[in-house]
1. Can you tell me how many residues in the range 34-60 are free of Cβ contacts under 8 Å to residues at least 24 places away in the same chain and of a type outside the set (S, T, Y)?
2. Output the number of the condition that G63 fails; it satisfies all remaining conditions of (1) surrounded by fewer than 15 Cβ atoms within 10 Å (Cβ to Cβ); (2) in contact with a helix residue (DSSP H, G or I) (Cβ under 9 Å, 6 or more places away or on another chain).
3. Considering only helices (runs of 4 or more DSSP H) fully contained in the range 28-101, which possess at least 2 residues that are of a type in the set (D, E) and modelled with pLDDT under 95?
4. Just for the range 20-60: of the residues that are surrounded by 13 or more Cβ atoms within 10 Å (Cβ to Cβ) and acidic (D, E), which one is farthest from V9 (Cα to Cα)?
Amino acid sequence: MIDRMEKEVDMLVRHLQVLRLVIANEPIGIVRMSNETGYEHHKVRYSLRVLEEEGLIEPTSQGATTTDQTSGFVGELDTKTTEISEQLDSMRLENTGENVQ
C-alpha cells in the first residue's frame, strides 16, 4: 500500500513539473519538456494527457498551452497540498502513539 502511494506521489510530482514548464514556456513541446525534465517522452506524453483531461492544458500545433482553468488550479494548489501534508503528519503522529488534538 505504501509503495503504491509513493508511486502516485512521484507521478503527481511529474505532472506538476510538466504543468510548471507549460506555464513558464507555453507553447512547449514534448521533446523540450523531456530534455528539460529528464523524463522519457512517453512519461511526458502521459502527464500531458492527464493535464489535458483535467482541463489544465490544451494541445496546439506549436505545443501545449494553458487554459482558463490553470490559474485557478495553481491558486488552490498550496492550500490543497498543505491540507494533505497535515493529514499525513496526523497519520505519522498517530503511529507513534502520541495523541493529536
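1. Looking only at that region, the number is 14.
2. (1)
3. Once the helices (runs of 4 or more DSSP H) in the range 28-101 are filtered for at least 2 residues that are of a type in the set (D, E) and modelled with pLDDT under 95, what remains is 70-95.
4. Once the filter is applied, the top-ranked residue is E26.
The values are calculated or read from the model by the stated rules, or taken from the named source; none is laboratory data. Computed from a prediction, not measured in an experiment: that's the story for all the values here. Because the Cβ atoms are built from the backbone with ideal geometry, glycine has one as well, and the counts that use them run over all protein chains shown.
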